[in-house]
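The values are calculated or read from the model by the stated rules, or taken from the named source; none is laboratory data. Only a predicted model underlies this, so the values are computations on that prediction, with no experimental measurement involved. Don't worry about glycine lacking a Cβ; one is built from the backbone with ideal geometry, like all the others, and counts go over all protein chains shown. Heads up: the accessible areas ignore ligands, DNA and RNA and are worked out on the full protein's heavy atoms, side chains in. Shrake-Rupley method; radii C 1.70, N 1.55, O 1.52, S 1.80 Å.
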Amino acid sequence: AYLGSQVIVSFGISFLIGLVISFKLIAENGNVNMVQYMLEYNQALSQGIYYILIVSGIVNIFIYWIVMLIRKKKLTKELSLKKMNPVAIVPIFFGGISLNFLLSFLITMIPFPESLWASYEASSSELLGGAGIAMWIATVIAAPVVEEIVFRGFVYSRLKTGMPMWLA
């Protein structure tokens, strides 16, 4: 379901973006120049990738919620969600940030070829261009929540019922 909804949402949004660009080019020029179309289409997709991830995450959570309703089970119980002391969030938050800085520093110590860094920076700047808040929501909120629901909540909980916990 996860991969299926991801593909459906991605194709759906990509299709809509393509239609909008086609109609825009026809309105401006009377026809569609394929080179211009592909440039605008690629630019729109690279700028909209985080929105696609957010929408697909919401769709995934909605699908799992519907499945739980049909099965007459509570999503929170199936996911084994437990209340957490809000005071414990602060050290976890700062520990995560500290670990991020440490790993980023350690990665800079690895002697990667300069051409690899240049390629990485070019790709990163293209993806990060103008996304701002959508990038933050997609990477800090949507991705971890969907990952926990899908893999820890459904996959792992099902695997550990059918095999030893260490193997699951």
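Values computed for the structure shown
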quantity: Dipole of the stretch 1-114, positive direction: furthest Cα of Ser80, Leu45, Met34, with charges on the beta-carbon; calculated: Ser80
quantity: Mean separation of Cα contacts under 8 Å (6+ apart) over length of the chain, as relative contact order %; calculated: 33
quantity: Number of Lys pairs (Cα under 17 Å; 8 or more positions apart or on different chains) in the chain; calculated: 4
quantity: Cα centre as origin, Lys/Arg/Asp/Glu Cβ charges: the chain dipole, Debye; calculated: 1300
quantity: Value of [θ]222 nm, deg cm²/dmol, for the chain, DSSP H segments ≥ 4, -39500 (n - 2.57) each, nearest 500; calculated: -24000 deg cm²/dmol
quantity: The stretch 48-140 - charge dipole about Cα centre, Lys and Arg +1 at Cβ, Asp and Glu -1, debye rounded to 20; calculated: 1020
quantity: 1.4 Å probe accessible area per residue over the chain, in Å²; calculated: 73
quantity: Solvent-accessible area, 1.4 Å probe, carbon plus sulfur percent, for the chain; calculated: 74
quantity: Candidate values (1) 20, 19, 16; (2) 27, 18, 14; (3) 36, 27, 15, label of the one derived for semi-axes √(5λ) of the Cα gyration tensor in Å; calculated: (3)
